[in-house]
Amino acid sequence: MIKLRIAVVAGLMIAALFSTSCNKSSSGDKDNQSADTIVAASNDTAIAINLESPVADERVLLRFMPEEGKTIYIENNTTFASDESVDTMRIKANSTKYVKAKLVVKGKEKEGYAIDLTLVDVHKTVKDDSGTINYQYNKPMTNPEDEMDRKVEDCMVNSTLTLIMTEQGENIDVRGYEAIIKKVKAIVGAQVPDQYIAANIGSPTDNLEYFFISYPDSAVKIGDTWDVEVPSVMQGVPITLKTVFALADRRDGIAYINFNTVASVDKSKLPPEMAAEVDKIHFNAGVKGTGEIFENTGWPRLMKFTQYLDVSDSYQGHATSSKQTGVSTIRIVQQ
């Protein structure tokens, strides 16, 4: 039971941005604040539903149909704040992260579009109670332990993965991750299990969380909504992610979309005694954001969203709390 509670309090989070270990921002939506003053403010202001639009009653079929051979570059700027406590012990951290990535459309396969993803630049800065760490791709660090972490982080950059994307915006496969595992093993040792490495370093695809939108089954008009429900597992705990999308507006070939994701523990997949304990834990987690989508191709040109977690628990005389907020802006910067 303690294992379940620790899992819930430590990390029932919805996207990899909550696992950032050291962070920074650069060009694009550059954050010039120092690590002492970084605050992850909200980035989830919804776009007004424009029922007065001249095309309010027209329906549009949103599909991801990228042009073969197309290359685009995107930037992801993220700020992150966390406040963790166990009884009287409290740890607070703030961070920023900048990622630039290249996406190349290789062509359409039977299952979907094959798109090569390559991170080309990463900067990170994190500040917590123990100090500040600055990370930049391919820049050596003076502290030996930090330098080891930097070399592992570097394995994620310039390592190409192939995504298979459906016309409805769903990523159904990722190929090439084994090459990253091989790079990491050359640093940490071949004896380290693949599963352990994967669990600790994440994936370059983590930087595209909530960049792609799940499109509806049929054409929609302004004001229409659709939802997607996805089962997942976080820290060994089964969860359900339910996202509700709304077409808010259409202007000059751009579809403006609001979305709201709520995470919940799937108690039906837990033993009865564990499900009863989950009911005693305060848990609130999700994502809110907006997107601007090219109607002719389905490429998102701008995604802005906030991810949040608020968990608290009292068990066997110990009080635990975890509050985390991450704010991201992902935009196309070159195409």
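Need one word for the range 44-164: rounded, prolate or oblate. Basis is the Cα gyration tensor (sqrt eigenvalues a ≥ b ≥ c); a/c below 1.5 gives rounded, then a/b vs b/c decides. It is oblate, given that a/c is not under 1.5 and a/b is not larger than b/c.
Backbone amide hydrogens, once placed in the peptide plane, bring THR132 within less than 5 Å of nothing, excluding anything fewer than 5 places away on its chain. Amide H contacts of TRP299 (H built 1.01 Å from N, in plane; Pro and chain starts excluded): MET65, PHE294 sit under 5 Å, all sequence-distant by 5 or more or on other chains. Which whole-angstrom value gives the distance between the alpha carbon centres of the range 204-264 and the range 280-335? The two parts, judged by their Cα centres, are 12 Å apart.
Taking a ≥ b ≥ c as the square roots of the eigenvalues of the Cα gyration tensor, the range 150-298 is classed as oblate, since a/c reaches at least 1.5 and a/b does not exceed b/c. Residue by residue, the range 161-178 carries 3J(HN,Hα) couplings of 10, 10, 9, 10, 10, 7, 5, 8, x, 9, 8, 9, 7, 10, 10, x, 5, 4 Hz when phi is fed to the Karplus relation 6.51 cos²θ - 1.76 cosθ + 1.60 (θ = phi - 60°); x denotes Gly or Pro. Note: relative contact order over the chain, using C-alpha pairs below 8 Å and six or more positions apart, is 25 percent. Arranged from fewest to most other beta-carbon atoms within 10 Å of their beta carbon, ARG251, ARG301 become ARG251, ARG301. Going by neighbour counts of Cβ atoms within 10 Å, the residues MET148, MET89, MET165, MET303 line up, fewest first, as MET89, MET148, MET165, MET303.
Quick note: the coordinates plus some simple rules give every number you see, no bench work behind them. These numbers were taken from a predicted model, which means no experiment stands behind them. Glycine gets a Cβ as well: all are built from the backbone with ideal geometry, and neighbour counts include every protein chain shown.
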